[in-house]
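Comments concern the structure below.
A short reminder: the numbers here are calculations on the coordinates, not readings from a lab. Every value quoted in this text rests on a predicted model; they were computed, and no experiment measured them. Ideal geometry is used to build each Cβ from the backbone, glycine not excepted, and the neighbour counts take in all protein chains shown.
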Amino acid sequence: MTDQKQRKAVKLSDYEPPAFEVETVDLHFQLTEDCARVRTRMHLHRADGVDLHEPLHLHGEALELEALYLDGQPLAMDDFLLTRQGLSIERVPDRFELEVHTLLRPQDNTSLSGLYRSGGNFCTQCEAEGFRRITYFPDRPDVLSRFTTTIEADRQRYPVLLSNGDLVDSGDAGEGRHWVKWVDPWPKPSYLFALVAGDLHCHQDTYRTRSGRDVQLEFYVEHENANRTGHAMESLKKAMRWDEDTYGLEYDLDTYMVVAVGDFNMGAMENKGLNIFNTQYVLASPETATDADFEAVEAVIGHEYFHNYTGNRVTCRDWFQLSLKEGLTVFREQQFSEDMGSPAVQRIQQVRLLRSAQFPEDASPMAHPVRPESYVEINNFYTATVYIKGAEVIRMYHTLLGDAVFRQGVKRYLERFDGQAVTIEDFRQTLAETGGRDLGQFGRWYSQTGTPRVRVRDEFDPARGRYTLHISQSCPPTPDQAEKKPFHIPVAVGLLGRDGQALSLRLSGESVAEGTTRVLELTGSEQQFTFEGLAERPVPSLLRGFSAPVILEYDYDDDDLAFLLAHDNDPFARWEAGQQLALRVILRRVQGQASPNDSRQVIQAFQQVLEAPDLDPSLAAEALALPQEAYLAQHMDPADPVAIRAAREALRTELAQALASQWRDTYRRYRPEGPWRLDADHIAGRRLANLALGYLGATGAAEDNGLVQQQYHRADNMTDSLAALALLADREDEAAVTALDDFYQRWRQTPLVLDKWFRVQAMSRHPRVVERVQALVQHPDFDLRNPNRVRAVIGAFAQGNPAAFHDDSGTGYRLLAAHVIRLDAINPQVAARMALPLSKWQRYDASRQKMMKNELQRIADAPSLSNDVYEVVSRSLEATG
Ligand code: B3K
Ligand code: ZN
């Protein structure tokens with residue numbers, strides 16, 4: 001099935017520094033309708049200490065080589081070796097100039113890596129290894145060069161020609177063509193190179209940095225989207241201010257450009273001075289974007305901006321260090337979002353995502369450490385583990401060192417390694433030095449795979465007023481590692497008195513009690529921590545703020561959880577208590593062990609949240625949402641997604657009916673009055689009102705069904721319209737058909753909104769949803785070449801609708817496999833991502849396992865499989881049950 005040579009794994013342990021440095025790269029692009037010609041002139045020298053006989057290796061893929069000159073002399077075919085992966089020249093001087101002429105076909109590039117076309121424009125995506133699809137080059141992050149880029153194209157079709165850095169010159173090229181020249185003063189690795197050519201609208205503004213420099217801000221979008229960039233622009237200014245205020249980091253070029261394209265493999269890309277974004281994270285207007293979309297735009301704009309230091313000024317030595325830039329930048333993005341909104345709500349959402357996306361990855365054949373040790377295709381390692389577990393690991397540094405020392409450490413890291421390509425150890429070393437602490441053991445968070453379990457047992461000695469927590473840790477074996485050593489785990493705890501008051505904490509050996517939250521450091525496999533001066537047995541509040549990415553085990557009884565939900569002074573822990581209570585009740589139901597008292601307790605707890613005098617609507621909306629199906633499934637072995645759906649829906653219906661009048665009151669009370677506004681009050685109001693509407697959609701009462709329809713037809717914004725549409729999409733009645741038709745007719749010309757139409761249907765609880773998805777992939781607007789559309793249908797179905805995807809018939813699996821095979825021929829990166837739900841086969845019963853493995857095998861047997869999909873399916877099939 002495979003050509004072994006092509007499938008060779010790259011290993012961290014094989015790292016060698018580059019043999020040649022590239023000082024300058026001068027690129028010349030000639031863009032035409034059927035091809036692009038690229039002339040690259042570069043100055044290279046042999047790195048210090050590298051042997052004279054060491055040949056020069058350049059990466060290159062999917063290129064036609066037209067000419068090659070060394071110090072001005074043309075090289076003949078037998079002067080070099082050309083393969084499908086690159087080009088080598090046996091003998092080169094210590095210092096020389098190389099000129100490479102390549103021909104590429106961006107029109108046919110459906111992989112969306114390298115230079116490609118989107119919506120009639122040209123754009124690039126070079127991370128991780130796309131630059132080698134533009135020219136022959138040492139395409140690795142530890143080769144940093146100064147780039148100059150000249151672009152020549154038809155003036156009318158492509159009035160806007162952009163690249164990194166500053167525009168230094170431009171002119172007429174005759175025959176209706178023009179050219180521009182860009183110089184980037186900052187040395188950078190090739191993965192940060194970018195080029196855009198198109199007919200685009202530009203939204204301009206300026207930002208004055210705190211040192212008084214004016215930076216031009218420019219957002220480029222297709223003309224019909226001209227009025228949808230306001231929010232992205234404001235978000236950028238906020239991000240720039242925030243990075244100055246928080247980390248003392250000021251932007252370092254005169255222009256910051258963002259281009260939005262409709263065909264993009266991920267969210268966005270931090271190319272130096274010229275970010276390229278998926279339209280999804282730039283365009284936002286009240287009619288087309290939900291509140292969640294607005295928040296996501298702000299977060300992703302921030303994320304890419306923050307990369308300018310954490311990623312661009314200091315980059316990664318090799319791709320195994322990916323989390324060095326991604327974990328840190330996600331953490332900075334999280335801090336930014338916390339500062340712009342509600343820290344508690346943000347934290348809850350982060351943890352929800354970690355549990356639904358990263359924990360399952362850790363439990364799958366694709367499990368890998370935050371710093372992986374080997375890969376076949378690096379694009380498969382832009383994962384939840386590298387990104388969001390990576391951010392959790394950074395957050396633990398922050399917790400252990402404290403905010404001030406952490407920020408000082410990050411500053412020192414950025415100064416010390418400015419302009420260099422470094423490692424995860426370099427970062428840890430700098431933090432350890434700054435904090436005067438040994439963080440050696442902490443390094444295991446990067447090298448060991450899996451989600452640790454932290455088990456807590458407690459005892460109270462009433463005679464001495466002493467309360468002891470016995471905390472132990474373990475980490476299950478993963479396909480890559482059988483045994484794990486103890487992690488360094490910060491466990492934030494608080495104690496509550498029986499009256500609900502948070503107690504001041506005094507640990508044994510301390511003379512005064514201090515604070516109501518303490519961070520206990522667990523470094524051994526088992527430790528104990530004793531608190532003194534307690535009049536009665538407290539209720540422990542454990543892992544406050546989710547201080548470590550672990551699974552916590554403590555035998556709370558249902559009353560404790562209800563008590564914590566009502567009283568805990570840590571908002572995250574309060575939310576968590578409610579989730580744990582609901583989780584148990586749902587699981588007992590799945591196992592047929594539910595007692596009527598179970599739902600009564602959840603109903604009471606929810607009622608208390610709804611009727612609390614100091615209700616915070618956005619926190620309440622989190623507390624009143626039942627745990628996600630993906631999270632519930634982790635607590636069942638084997639997982640039964642169909643039973644989980646049924647049990648969860650049954651509890652939802654009970655809550656809906658028992659609290660119907662409260663939901664109606666809440667809906668009326670919190671639904672914002674007057675025209676749409678994007679402020680905290682309105683957003684929180686919409687969130688809680690729409691949550692209430694969700695329950696009302698489940699009461700079965702005609703009055704409530706009518707309310708859903710009414711909201712759909714009267715909404716003046718996408719948040720309300722989509723919330724109602726999603727509820728209607730679960731139904732089979734006439735009203736549902738009318739609303740879906742109406743939405744389609746209204747938005748068929750607006751791709752991002754049409755994605756929502758596809759997504760709500762693919763994720764619906766409609767009884768014949770599988771048939772519906774089969775129809776959606778036949779729809780004339782479904783397009784395998786557009787990643788957003790693929791994610792909206794295939795991704796939403798396979799990842800976001802577990803009960804339907806795991807339908808007993810196996811239809812969901814077959815549908816996915818067939819599309820992965822077709823998509824692989826078009827876009828391997830996205831195909832590999834879509835295949836991931838099948839990789840989790842071990843979590844299900846024997847019959848599902850068999851069907852899932854059959855589909856994996858069918859994919860594996862497909863001719864000319866990409867490395868991307870090959871790596872996912874082969875690892876999945878190698879795993880044992
Ligand atoms: N650094 C890019 C991700 C590139 C993914 C390549 N397959 C976006 C980001 O994390 O900011
Ligand atoms: Zn990033």
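How many nm separate the modelled label positions at A846 and D339, each set 7 Å beyond the Cα in the direction of the Cβ? Distance between label points: 5.7 nm. Which Cα, out of L552, P627, A643, lies furthest along the positive dipole direction of the chain (beta carbon charges, K/R +1, D/E -1)? It is A643.
The longest part of the chain holding none of the exposed loop GluC sites (Glu not before Pro), meaning those outside H, G, I, E and B in DSSP with at most 14 other Cβ atoms within 10 Å, is 176-482. The 3J(HN,Hα) values that the Karplus relation (6.51, -1.76, 1.60; θ = phi - 60°) gives for region 874-880 are, in residue order, 5, 4, 5, 6, 6, 5, 9 Hz. Gly and Pro appear as x.
Hey, how many Å between the Cα centroid of region 821-837 and the Cα centroid of region 700-737? The distance from the Cα centre of region 821-837 to that of region 700-737 comes to 34 Å. Any chance you could give the angle, 0 to 90 degrees and rounded to 10, that helix 828-839 forms with the longest Cα principal axis of the chain? The angle comes out at about 30 degrees.
Work out the charge dipole of the chain with +1 on the Cβ of Lys and Arg and -1 on the Cβ of Asp and Glu about the Cα centre, then indicate which of S618, L56, V585 is farthest towards its positive end. Farthest towards the positive pole: V585.
Extension gain for H713 to Y15 (0.36 nm times residue separation, less C-alpha to C-alpha distance): 245.3 nm. Give the calculated FRET efficiency between L507 and E175 to the nearest 0.05, with a Förster radius of 60 Å applied to their Cβ-Cβ distance. After rounding, the FRET efficiency stands at 0.15. Using C-alpha pairs below 8 Å separated by at least 6 residues, the relative contact order for the chain is 8 percent.
Between E553 and A701, the FRET efficiency from the beta-carbon distance, with R0 = 51 Å, is close to 0.80. Once the Cα-Cα distance is subtracted from the 0.36 nm per residue extended length, the Q85 to R210 segment shows a gain of 40.4 nm. Applying a DSSP loop filter and a limit of 14 other Cβ atoms within 10 Å to the trypsin sites (Lys or Arg not before Pro) in region 175-218 leaves R210, R213. Taking 25 °C and 0.890 mPa s as conditions, region 659-734 diffuses translationally at an estimated 198 µm²/s according to Stokes-Einstein applied to its Kirkwood radius (Cα pairs).
Any idea how far the Cα center of region 21-50 sits from the one of region 748-791, in Å? If you average the Cα positions of each part, the centres end up 42 Å apart. Taking the chain as the reference, fit the longest principal axis to its C-alpha atoms, fit the long axis of helix 680-696 to the helix C-alpha atoms, and give the angle between the two in degrees, 0 to 90, nearest 10. It is inclined by approximately 60 degrees. Rg and Dmax of the chain, based on Cα coordinates, read 28.0, 95 Å. Its Cα gyration tensor gives region 752-881 an equivalent ellipsoid; the semi-axes, largest first and in whole Å, are 23, 18, 11.
The residue among A832, Q778, G800 whose Cα reaches farthest toward the positive pole of the charge dipole of region 748-881, with charges on the beta-carbon of Lys, Arg, Asp and Glu, is G800. Under the combined filter of DSSP loop state and at most 11 neighbouring Cβ atoms within 10 Å, region 376-483 retains these trypsin sites (Lys or Arg not before Pro): R464. Here K840 is the anchor, and the aspartates and glutamates within straight C-alpha reach of less than 18 Å, apart from those fewer than 8 places off in the same chain, are E361, D362, D480, E629, D637, D640, D807, D808, E855, D868, E871, E878.
Rounded to the nearest 500, what is the 222 nm mean residue ellipticity of the chain from helices alone, with -39500 (n - 2.57) per DSSP H run of 4+ residues and division by all residues? Computed ellipticity for the chain at 222 nm equals -12000 deg cm²/dmol. Scanning residues 5 or more positions from A268 or on other chains, those with amide H under 5 Å from its amide H are N278, with H placed 1.01 Å from N in the peptide plane. Remark: C-alpha extents of region 314-447 on the principal axes read 38, 37, 27 Å, sorted largest to smallest.
Rounded to the nearest 10 degrees, the inclination of helix 322-340 to the longest alpha-carbon principal axis of the chain is 50 degrees.
Nearest 20 debye, what's the magnitude of the dipole of the chain about its Cα centre given +1 on Lys and Arg Cβ and -1 on Asp and Glu Cβ?
The calculation lands at about 1420 debye.
Give K181/K272; K484/K850; K325/K411; K8/K389; K8/K272; K389/K484 a once-over and call out the pairs whose C-alpha atoms are over 20 Å from each other. Going by Cα-Cα distance, K484/K850; K8/K389; K8/K272 fall outside the 20 Å limit.
Compute the FRET efficiency between Q527 and A404 as 1/(1 + (r/R0)^6), taking r as their Cβ-Cβ distance and R0 = 41 Å, and round to the nearest 0.05.
The value I calculate is 0.90.
Simple spin-label estimate for E287 and D199 gives 2.3 nm between the two label positions (7 Å along the Cα-to-Cβ direction from each Cα). Simple spin-label estimate for R464 and D34 gives 8.8 nm between the two label positions (7 Å along the Cα-to-Cβ direction from each Cα).
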